[in-house]
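Visitor: Mind looking over this structure? Questions follow.
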Amino acid sequence: MTQFIIRPQDEDRTRALSAAGAPSLLARTLGARGMMVEEWQGLELKDLLPWQGLKGIHHAAHLLADAIAAQQKIVIIADYDADGATACAVGLRALRGLGAVVDYFVPNRLTLGYGLTPEVVALARHKNPDLLITVDNGIASVEGVDAAQALGIPVIITDHHLPGDELPRAAAIVNPNQPGCTFASKHLAGVGVMFYVMLALRAELRQRHIGVRPLGGSDPEFHLGQLLDLVALGTVADVVRLDRNNRLLVREGLKRIAAGRAQPGINALYQVAERDFKRSCSTDLGFVLGPRLNAAGRMEDMRHGIECLTTDSPVEALEHARRLEAFNRERRSVEVTMQESALEQLTAIEVGPRYTLCLYDKGWHPGVVGILASRIKDRHNRPVIAFAAGTAEGEIRGSGRSIAGFHLRDALDQMTKQHPDLILRFGGHAAAAGLTLRAENLARFEAAFEVLARQWLTPTDLALQIEYDADVNAEDLTLINAEQLSAQVWGQGFPEPLLGGTFTVVEQRVVGKRHLKLKLMQDKKPFDAILFGHAEPLPKTIYALYRLGVNEWNGSRNMQLEVRHWRV
């Protein structure tokens with residue numbers, strides 16, 4: 001049964017924020033998330049954690065500066081999600097701006113899989129690299145790094161994923177989660193790590209008194225701050241924890257977007273999504289731009305996304321963005337079909353006593369199984385792995401999503417120790433991971449996964465608990481409060497506020513076949529509301545948890561309640 005639980009309040013921080021000028025509702029929600037007064041009053045880029053704290057970053061910067069000085073060719077090995085695409089774009093734009101000869105290679109999700117594998121090295125070799133640098137991958141690429149070294153190509157790894165028992169024998173590794181790294185934030189996304197490496201490179205070039213300007217350019221120096229829109233997009237889209245350092249990166253990126261100083265590709269993505277970049281917010285990055293960028297890697301090839309983010313031509317950017325929009329529409333259609341198939345499978349399974357769910361259909365699209373696992377996990381609050389056919393004969397590839405208290409990558413690691421012949425390959429982090437099995441071993445894997453989950457989880461862990469901030473009165477439900485809340489940087493680990501209250505349902509009608517448009521009443525005051533993904537009629541009186549949102553229509557802005565959960 002779903003439980004609604006009020007988020008613990010921090011009265012001291014709430015009072016301090018109020019004293020510093022934060023409005024009451026905003027102070028309450030920010031204080032509950034641990035925000036300090038100095039952040040509310042405004043941090044600047046100089047308040048970022050210093051790059052010097054990242055282990056291996058000095059050596060990485062030195063190697064890159066040497067490559068620039070010798071005009072050696074650097075090839076970036078990217079990843080096929082939004083974090084990998086933005087990290088690649090940051091690397092391409094920054095290295096070009098700092099005078100490097102640089103190109104990139106991004107593996108195809110459907111044919112090559114994840115990371116710097118020997119196969120990827122063999123293909124990247126055709127670009128004649130003198131130096132490889134990975135973004136958002138590589139920390140588990142022991143064999144791939146060895147393959148590159150055997151060809152005489154040194155590798156710099158920039159990554160943020162958790163390492164395995166063995167680190168690759170790379171020329172340099174920059175990863176806040178590698179052993180011995182004391183960097184205070186362990187939650188940098190891959191794009192954040194690459195941005196920090198570029199900061200270190202610029203410092204190294206300055207120390208060498210080398211002019212850091214674009215090849216053939218006249219600017220005295222390439223300004224890395226112009227890349228913060230890319231950093232913000234990749235950080236939010238990768239659903240990393242928005243600690244203070246990440247919030248600062250995202251906030252500065254959103255400022256650039258709203259001021260009209262974003263990359264042409266980001267402006268184009270706003271255009272095809274029919275959103276106003278002048279009102280950019282973190283929700284746009286996570287739920288509007290991110291999915292369109294991710295769709296390229298899921299449905300075909302992330303080159304389309306990287307080219308969108310790296311072109312300086314608004315016309316070309318719009319062409320790429322329209323293609324990404326088409327990919328996203330296709331992804332949505334495929335997802336709906338797959339979800340219907342998965343729910344049909346679940347009708348034959350008694351979910352109640354299960355601690356885990358493993359689903360497989362040879363007809364499922366391998367690029368969309370992660371989204372499917374996420375949807376089923378949200379519905380049943382259990383670790384879920386969805387499998388599709390693999391690229392090699394007899395193999396299947398799974399993408400998993402997990403719940404609090406069950407570290408998915410650690411679970412897969414533990415299973416490889418208990419059953420060495422079961423999992424062919426795996427990688428990921430606490431909330432999401434991917435793996436490859438032989439199809440004949442699916443039943444064995446499912447049984448072993450269930451056993452491990454029963455050892456690590458309790459029935460209480462499987463009960464869905466939804467935290468919300470407070471029950472508020474009708475007088476707090478104003479456009480001003482909605483705009484103040486919408487202006488903050490919300491995301492993983494710093495969730496957007498949910499408010500609670502009892503309402504009378506005055507009007508309701510289905511819109512878009514799957515959503516309810518509502519008129520709700522509280523204390524004799526009417527409120528417009530929307531309930532997405534639900535078309536069944538509501539009872540006359542409901543208790544609702546909702547987001548206080550702003551609805552723009554025909555040039556006007558109105559407060560709207562976005563109902564997320566409800567009960568009688």
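Visitor: Determine the gain in length on full extension of the stretch residue 5-residue 151; use 0.36 nm per residue of separation and subtract their C-alpha separation, reporting nm with one decimal. Could you put the intermediate results ahead of the total?
Guide: Values: separation 146, 0.36 × 146 = 52.56 nm, distance 5.71 nm.
Once the chain is fully extended between residue 5 and residue 151, it gains 46.9 nm.
Visitor: May I pose another question? Give the residue from 414, 435, 462 lying farthest towards the positive end of the charge dipole for segment 402-561; charges sit on Cβ (+1 for Lys and Arg, -1 for Asp and Glu) and the dipole is referred to the Cα centre.
Guide: Ranked along the dipole, the leading option is 435.
Visitor: Report, in debye and to the nearest 20, how large the dipole of segment 456-540 comes out about its Cα centre when Lys and Arg carry +1 and Asp and Glu carry -1 on their Cβ. Show your work: numbers first, answer last.
Guide: Numbers: 8 positive and 12 negative charges, 124 e Å.
About 600 debye.
Visitor: (i) 1.12; (ii) 0.96; (iii) 1.00: which one is Rg/Rh (Cα atoms, Kirkwood Rh) as calculated from this entry?
Guide: (ii)
Visitor: What value, in deg cm²/dmol to 500, does the helix sum -39500 (n - 2.57) over DSSP H runs of n ≥ 4 give at 222 nm once divided by the residues of the chain?
Guide: Taken over the chain, the calculation gives -12000 deg cm²/dmol.
Visitor: For segment 110-127, take each phi angle, set θ = phi - 60°, evaluate the Karplus expression 6.51 cos²θ - 1.76 cosθ + 1.60, and give the result in whole Hz per residue in order, putting x for glycine and proline.
Guide: So the Karplus estimates, Gly and Pro as x, are 7, 10, 10, x, 9, x, 7, 8, x, 5, 5, 4, 4, 6, 5, 4, 5, 8 Hz.
Visitor: Which value results when the Cα radius of gyration for segment 47-325 is divided by 2.2 N^0.38 Å?
Guide: 0.92
Visitor: Dipole of the chain, Cα-centred, from +1 at each Lys and Arg C-beta and -1 at each Asp and Glu C-beta, to the nearest 20 debye? The partial results should precede the final answer.
Guide: Details: 63 positive and 66 negative charges, 144 e Å.
Magnitude of the dipole: close to 700 debye.
Visitor: Something else: For segment 463-468, take each phi angle, set θ = phi - 60°, evaluate the Karplus expression 6.51 cos²θ - 1.76 cosθ + 1.60, and give the result in whole Hz per residue in order, putting x for glycine and proline.
Guide: For segment 463-468, the Karplus curve yields 6, 6, 10, 10, 7, 9 Hz.
Visitor: So for each of 235-241, 279-285 I average, over its residues, the number of other beta carbons within 10 Å; can you give me the resulting order with the highest mean first?
Guide: On the way: 235-241: 25.6, 279-285: 21.7.
Answer by packing, highest mean first, reads 235-241, 279-285.
Visitor: If the label point is 7 Å along Cα→Cβ of residue 278, which residues in segment 547-562 have backbone nitrogen under 18 Å from it?
Guide: Once the point is set 7 Å along Cα→Cβ of residue 278, 550-558 turn out to lie under 18 Å by backbone N, inside segment 547-562.
Visitor: Would you mind getting me the FRET efficiency between residue 330 and residue 362? Use the beta-carbon distance for r and R0 = 25 Å, nearest 0.05.
Guide: 0.80
Visitor: Still on this structure, I have one more. To the nearest 0.05, how large is the calculated FRET efficiency for residue 540 and residue 346 if R₀ is 25 Å and r is the Cβ-Cβ distance?
Guide: Working from the Cβ atoms, E equals 0.20.
Visitor: Given a Förster radius of 35 Å and the C-beta distance between residue 532 and residue 442 as r, what FRET efficiency does 1/(1 + (r/R0)^6) yield to the nearest 0.05?
Guide: For R0 = 35 Å, the calculated efficiency reads 0.55.
Visitor: Moving on. Give the lysines reachable from residue 524 as a straight Cα distance under 29 Å; neighbours fewer than 8 places away on the same chain don't count.
Guide: Within the straight-line cut-off, residue 524 pairs with 540.
Visitor: What full-extension length gain, to one decimal in nm, is calculated for residue 506 and residue 15 as 0.36 nm per residue of separation minus the Cα-Cα distance?
Guide: Gain on extension, residue 506 to residue 15, equals 173.0 nm.
Visitor: Turning to a different aspect of this structure: Mind checking the full-extension length gain between residue 478 and residue 287? Use 0.36 nm per residue of separation minus the Cα-Cα distance, one decimal, nm. Don't skip to the answer; put the middle values down first.
Guide: Working: separation 191, 0.36 × 191 = 68.76 nm, distance 2.40 nm.
Contour length minus Cα-Cα distance gives 66.4 nm.
Visitor: Using DSSP to call loops (not H, G, I, E or B), can you name the trypsin sites (Lys or Arg not before Pro) in segment 312-402 whose Cβ has at most 11 other Cβ atoms within 10 angstrom?
Guide: 362
Visitor: For the residue pair residue 419 and residue 517, what label-to-label distance in nm results when each label sits 7 Å from Cα along the Cα-to-beta-carbon direction?
Guide: 5.1 nm
Visitor: To continue, here is another question. Two-decimal Rg/Rh of segment 349-462 from alpha-carbon positions, Kirkwood Rh?
Guide: Across segment 349-462, the Cα-based Rg/Rh ratio is 0.93.
Visitor: Which loop GluC sites (Glu not before Pro) in segment 1-84, with loop taken from DSSP, have no more than 16 other Cβ atoms within 10 angstrom of their Cβ?
Guide: Values: sites: 11, 38, 39, 44; in loops: 44.
For GluC sites (Glu not before Pro) across segment 1-84 that sit outside H, G, I, E and B with at most 16 neighbouring Cβ atoms in 10 Å, the list reads 44.
Visitor: Take the cross-link list 278/525; 377/519; 278/519; 46/127; 255/513; 377/513 and give me the ones stretching past 27 Å between alpha-carbons.
Guide: 278/525; 377/519; 278/519; 46/127; 255/513
Visitor: Something else now. Quickly work out the residue 24-to-residue 36 label distance, labels modelled 7 Å from Cα along the C-beta direction, and quote it in nm with one decimal.
Guide: Taking the two extended label points, one gets 2.9 nm.
Quick note: the coordinates plus some simple rules give every number you see, no bench work behind them. None of the values given here were measured: they were computed from a predicted structure. No Cβ is skipped: glycine too gets one built from the backbone with ideal geometry, and neighbour counts run over all protein chains shown.
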